[in-house]
Amino acid sequence: MRIAVPKEIKNHEYRVALTPTGARELTGRGHHVSVQAGAGEGAGFSDHDYEAAGARIDADVAALWQNAELILKVKEPQAEEVARLTPDHTLFTYLHLAAEETLTKGLLESGATCIAYETITDAKGGLPLLAPMSTVAGRMAVQAGAHSLEKAQGGSGVLLPGVPGVAPGKVTVIGGGVVGENAARMALGLGAEVTILDKSIARLEVLDDRYQGRIKTVYSTADALDEAAKTADMIIGAVLIPGAAAPKLITRAMLADMQPGSVLVDVAIDQGGCFETSKPTTHAEPTYIVDGIVHYCVANMPGAVARTSTLGLTNATLPFVLALADKGWQQALSDDPHFLPGLNVHAGQVTYPAVANAFGLTSVDPVKLVSQ
Ligand SMILES: NC(=O)C1=CN([C@@H]2O[C@H](COP(=O)(O)OP(=O)(O)OC[C@H]3O[C@@H](n4cnc5c(N)ncnc54)[C@H](O)[C@@H]3O)[C@@H](O)[C@H]2O)C=CC1
Ligand SMILES: CC(=O)C(=O)O
Ligand SMILES: [Mg+2]
């Protein structure tokens, strides 16, 4: 198969979708891999590294896309990338479509087959291609939030660990999944007082057992959210309903109850965000202030630590990339019921119900497409 790896073009996105190690696996099986010149640089991989793995380096972006059957990316295609997609392409990347109507329409119009990392499942009920980046984003959330608490950033001037004789800061994490647990661990390590809210009792049980009272667990209700707004120095939004737009859990009215200079870190921003006042920001300008509350809403947090993130992401994606390359998308998805829900868009149709619901569209059952 002809496989292309473009250089990512989202703001301050330094990850790459395939490492030289992955390129070697593909070329060793007889596939043709073209990597855009400089695509790996931000993650520490030179063009020479890819050439040594049997890949071809291509400086002509238009030709790279035109000649490819399978396109491997990290972030959702930007407008100029959507314009390059055709019905002959299979695109494998993060998509987060429920938060992006224009992108969804663009992909539908392109006729391409679009498979999302974030909706692929595993036998344990997890999201194995989202989890490594959720781990990164969760770990980063506290350092981003702690920086935002500094006065120069518009924050309240609270130091999370406190000092002897001065109480630590309070961190509330809404959603105790992969992002939430990793954020809580970092906050705990810094010495903050940490509370996790979740709607899943089973998940709260796991966390309670794991942290033995060092992290408070609270069932998420309107009352619990009100309490968080009144007391927390930092609230980290980490909820997910797979594939769907995030529910708005902290409203604008609730900001008035928060201490001035408190911080909202909305990691769930890539699914639209779980705070009413959230809007996507970039690493170039990560924060803004609404009603005295600092908002950090970067949609590609792991891009900032591209070396670690690229290695973590590609470890998880490689088996799926190999299946797509060896078998083609229909056979690969047909053979693996956990890969199948990755299909979000095919030939002008939405194939993931939560994405269709977000925009009042109907979705086609992907089973029907792969068994044709
Ligand atoms: N901004 C960024 O750079 C990144 C963002 N993310 C995003 O972070 C979000 C969280 O991802 P994961 O932790 O992997 O998901 P996850 O599925 O592991 O955890 C989500 C948790 O939210 C809980 N939840 C759902 N609805 C809730 C509600 N109404 N109240 C309280 N809890 C609720 C679930 O029970 C679950 O425990 C996703 O939107 C993901 O795409 C992930 C990586 C990078
Ligand atoms: C999950 C995601 O959106 C990211 O890693 O950028
Ligand atoms: Mg996005």
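The values are calculated or read from the model by the stated rules, or taken from the named source; none is laboratory data. Every value quoted in this text rests on a predicted model; they were computed, and no experiment measured them. We place every Cβ from the backbone using ideal geometry, glycine too, and count neighbours over all the protein chains shown.
Annotation: of all residues in the range 89-128 being farther than 24 Å from His338 by Cα, more than 13 Å from ligand 3 (Cβ to nearest atom) and charged (D, E, K, R), the one that is surrounded by the most Cβ atoms within 10 Å (Cβ to Cβ) is Lys105. When you check Gly213 against the structure, is it surrounded by fewer than 17 Cβ atoms within 10 Å (Cβ to Cβ), part of a loop (DSSP other than H, G, I, E, B) and touching a residue at least 60 places away in the same chain (Cβ under 8 Å), yes or no? Considered against the rule, which asks whether it is surrounded by fewer than 17 Cβ atoms within 10 Å (Cβ to Cβ), part of a loop (DSSP other than H, G, I, E, B) and touching a residue at least 60 places away in the same chain (Cβ under 8 Å), Gly213 comes out as no. Looking only at the range 251-304, residues that are away from ligand 3 (no atom under 16 Å from the Cβ) and either touching a helix residue (DSSP H, G or I) at 6+ places or on another chain (Cβ under 8 Å) or more than 20 Å from His147 (Cβ to Cβ) (or both) come to 19 in all. Among the candidates Val61, Val35, the residue that is touching an Asp or Glu at 6+ places or on another chain (Cβ under 8 Å) and surrounded by 14 or more Cβ atoms within 10 Å (Cβ to Cβ) is uniquely Val35.
Mind checking whether some residue in the range 321-343 is within 16 Å of ligand 1 (Cβ to nearest atom) and in contact with a Phe, Trp or Tyr (Cβ under 8 Å, 6 or more places away or on another chain)?
First, the residues of the range 321-343 that are within 16 Å of ligand 1 (Cβ to nearest atom): 338, 341-342.
With in contact with a Phe, Trp or Tyr (Cβ under 8 Å, 6 or more places away or on another chain) added as a condition, the list becomes 341-342.
Yes: the range 321-343 contains one or more residues that are within 16 Å of ligand 1 (Cβ to nearest atom) and in contact with a Phe, Trp or Tyr (Cβ under 8 Å, 6 or more places away or on another chain).
Taking the criterion of being closer than 18 Å to Leu127 by Cα and among the aliphatic types (A, V, I, L, M), the residues of the range 330-367 that qualify are Ala332, Leu333, Leu340, Leu343, Ala354, Val355. Among the residues of the range 171-194, those identified as touching a residue at least 40 places away in the same chain (Cβ under 8 Å), in a strand (DSSP E or B) and not polar (S, T, N, Q) are Val171, Val173, Ile174.
You will find that of Ile241, Ile289, Ile236, the residue that is out of contact with any Lys or Arg (no Cβ under 6 Å at 6 or more places or on another chain) and closer than 27 Å to Asp336 by Cβ is Ile241 and no other. In this structure, Gly169 does satisfy being more than 26 Å from the chain's Cα centre (by Cα), among the small types (Gly, Ala, Ser) and in the same structural domain as Pro247 (by TED's automatic domain parsing).
Within the range 291-324, if we keep just the residues that are among the β-branched types (Val, Ile, Thr), more than 30 Å from Thr251 (Cα to Cα) and within 11 Å of ligand 2 (Cβ to nearest atom), the residue that is surrounded by the fewest Cβ atoms within 10 Å (Cβ to Cβ) turns out to be Val305. Check whether at least one residue in the range 28-42 is within 15 Å of ligand 2 (Cβ to nearest atom), touching a residue at least 24 places away in the same chain (Cβ under 8 Å) and in the same structural domain as Pro353 (by TED's automatic domain parsing), and report yes or no. Yes.
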